[in-house]
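> I am attaching a structure below and will ask some questions about it afterwards.
The values are calculated or read from the model by the stated rules, or taken from the named source; none is laboratory data. It should be emphasised that the depicted structure is a prediction, and the values quoted were computed from it without experimental measurement. Glycine also receives a Cβ, built like all others from the backbone with ideal geometry; neighbour counts cover every protein chain displayed.
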Amino acid sequence: MTRLFFALALVIACAIPVPAHAAGCDGVTVVVDFRGLGGGVQQGCAPGSPASGVAALSAAGFGYTYASRQQGFVCRINGKPGTDADKCVTTSPASAYWSYWHGSGGSWSYSSQGAATYVPPPGSVEGWAFGAGEQPGIAPPAPVPVPPAPQPPAPKPPVGQPSAPQPPAVTKTTTVPPTSSAAPVSSSESAPSSTSSAAEQTSSVVIDERSQQVQEKSGSGWLWTAIGVLVIVALVVAGLVVARRRRSTDDE
């Protein structure tokens, strides 16, 4: 009797579905109710973020079949119902078919969108039930909160890498306003001696060139003056000679 009691307890324990959140589902929980086909309620977990409701159904460990003439309509899950009950050509009969549900807040809501196009978010609960539109026979399991994605740590500079160069410091200068007897004085440092010597050399060269030009112009001026005087003297002498000749001619 004792062995029979433990055997019955083990069978009952195996028949009771384990909530998906107890197994640590980190994606979408899927509940499939086979009671309309003589089975029980099964659960599975689709990890991550499935691309559609049928993708979540498949990732949770359930196979499915589309109607041969209406792709997107699920007419069989895990091969049920068999071909003797549903030919699965267009759609299942209205008296018994696989209905698609969404679980939230401890209750089910009938899906207004097909499982082939609906995208379940991570942490949600999906439900399937075979019958005349009945919802799954158990309440939706509480979803596992999806933890936020960890942020990558800030990159660290390699060991021995020099620090970024600092901008040069700006030196402020203060100019003292000029007075009647003094030139402006600046608190900044004076120019290097090499700059002053270069400026003095340049000034001396300019002065020498100007002096040479003045001397050249002065020499050429005396020359032209002497030539002018000689021309004038020659003209005067020639005039006197011509005058004497005329007088001599008149006397004769």
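> Can we say CYS45 is in contact with a helix residue (DSSP H, G or I) (Cβ under 8 Å, 6 or more places away or on another chain) and at pLDDT 95 or above?
On the way: in contact with a helix residue (DSSP H, G or I) (Cβ under 8 Å, 6 or more places away or on another chain): yes; at pLDDT 95 or above: yes.
Yes: the conditions hold for CYS45.
> I'd like the full set of residues that are in contact with a His (Cβ under 9 Å, 6 or more places away or on another chain) and either acidic (Asp, Glu) or outside the structural domain of SER95 (by TED's automatic domain parsing) (or both), limited to segment 111-141. Walk me through it before giving the result.
Step one: filter segment 111-141 for residues in contact with a His (Cβ under 9 Å, 6 or more places away or on another chain), giving 111, 118, 120, 124-127, 140-141.
If the condition is that a residue be in contact with a His (Cβ under 9 Å, 6 or more places away or on another chain) and either acidic (Asp, Glu) or outside the structural domain of SER95 (by TED's automatic domain parsing) (or both), then GLU126, PRO140, PRO141 are the ones that fit.
> Restricting to segment 111-141, name every residue that is under 33 Å from the mean Cα position of the chain (by Cα) and either at pLDDT below 75 or among the aromatic types (Phe, Trp, Tyr) (or both).
Of segment 111-141, the ones under 33 Å from the mean Cα position of the chain (by Cα) are 117-124.
If the condition is that a residue be under 33 Å from the mean Cα position of the chain (by Cα) and either at pLDDT below 75 or among the aromatic types (Phe, Trp, Tyr) (or both), then TYR118 is the only one that fits.
> Touching a strand residue (DSSP E or B) at 6+ places or on another chain (Cβ under 9 Å), surrounded by 14 or more Cβ atoms within 10 Å (Cβ to Cβ) and farther than 22 Å from GLY133 by Cβ, is that true of CYS25? Let's see the steps before the verdict.
Working: touching a strand residue (DSSP E or B) at 6+ places or on another chain (Cβ under 9 Å): yes; surrounded by 14 or more Cβ atoms within 10 Å (Cβ to Cβ): yes; farther than 22 Å from GLY133 by Cβ: yes.
Yes: the conditions hold for CYS25.
> Hey, another quick one. Keeping to segment 64-110, report how many residues are assigned to a loop (DSSP other than H, G, I, E, B) and over 42 Å from the mean Cα position of the chain (by Cα).
Here is the first cut: in segment 64-110, the residues assigned to a loop (DSSP other than H, G, I, E, B) are 68-69, 78-79, 81-96, 105-106.
Now restrict to residues that are over 42 Å from the mean Cα position of the chain (by Cα): 68-69, 78-79, 81-96.
Count: 20.
> Go through (1) surrounded by fewer than 19 Cβ atoms within 10 Å (Cβ to Cβ); (2) at pLDDT below 95; (3) on the phi < 0 side of the Ramachandran plot and name the single condition TYR66 misses.
Single failed check for TYR66: (2).
> Within segment 142-153, is even one residue modelled with pLDDT of 90 or more, surrounded by 10 or more Cβ atoms within 10 Å (Cβ to Cβ) and touching a strand residue (DSSP E or B) at 6+ places or on another chain (Cβ under 7 Å)? Don't jump to the end; show me each part of the working.
Looking only at segment 142-153, we keep the residues that are modelled with pLDDT of 90 or more, and these are none.
No, because not a single residue in segment 142-153 is modelled with pLDDT of 90 or more, surrounded by 10 or more Cβ atoms within 10 Å (Cβ to Cβ) and touching a strand residue (DSSP E or B) at 6+ places or on another chain (Cβ under 7 Å).
> Taking the criterion of being in the same structural domain as GLN42 (by TED's automatic domain parsing) and under 13 Å from THR29 (Cα atoms), would at least one residue in segment 62-74 satisfy it? I'd like the intermediate steps shown before the answer.
First, the residues of segment 62-74 that are in the same structural domain as GLN42 (by TED's automatic domain parsing): 62-74.
Within this subset, residues satisfying the condition of being under 13 Å from THR29 (Cα atoms) are 62.
Yes, segment 62-74 contains at least one residue that is in the same structural domain as GLN42 (by TED's automatic domain parsing) and under 13 Å from THR29 (Cα atoms).
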